[in-house]
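Rule-based calculations on the coordinates, nothing more; no lab input. All of these numbers come straight from a predicted model, not from anything done at the bench. Here the Cβ is made from the backbone with ideal geometry for all residues, glycine too, and neighbour counts use every protein chain on show.
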Amino acid sequence: MALAIGLRGHHLLCLLGYRGMGYSAQFCENMTAIYETLRSQPETLIRIVLGPDDLCAAYPKDQESHCEGRTVYQRDAEIVEKLGLQVGMERSWSSICTQVAKHVAPSDIGHLCATCRWQSYGVCAEGVRIIAEGGELPAVPDKQAQ
């Protein structure tokens, strides 16, 4: 059986809003690969981790990392609690999406993710709305086609 993808709390919501934007080309390649795996294989196991995860692993080494920041850990803890999950749990991506649909409203993103630089784009709130309405997340836009 495949290993679970390790994700920290706030990345459970970030992935819902991922539309191909990120910190570097390498970061986007990694996030796109994880996003598309979860989109196409929703029974993929996710392990909730404390601290840097499989997305943080591709954070650019030449940029100031926020992965160990206090506010990031606080955001992780608040989101994990809101979803009724715990660090160390393994759940399928579809199960996590069910928890999001039950416990998070698009309007919660403004509070939960107030300090996030990506929050103002509105894509995470849109992702929460799509999941809450039972929809499917869109494919990541092809950058070459734009």
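A few points about this structure:
- Residue order for V140, V87, fewest other beta carbons within 10 angstrom first, comes to V87, V140.
- Within region 5-135, the percentage of alpha carbon pairs spaced more than 21 angstrom apart rounds to 34%.
- Looking at region 64-146, the trypsin sites (Lys or Arg not before Pro) that sit in a DSSP loop and have at most 12 other Cβ atoms within 10 Å of their own Cβ are R117.
- Full extension of the chain between L45 and A77 yields a length gain of 9.5 nm, computed as 0.36 nm times the residue separation minus the alpha carbon distance.
- Available extension along the chain between T98 and T37 is 20.2 nm, counting 0.36 nm per residue and deducting the alpha carbon span.
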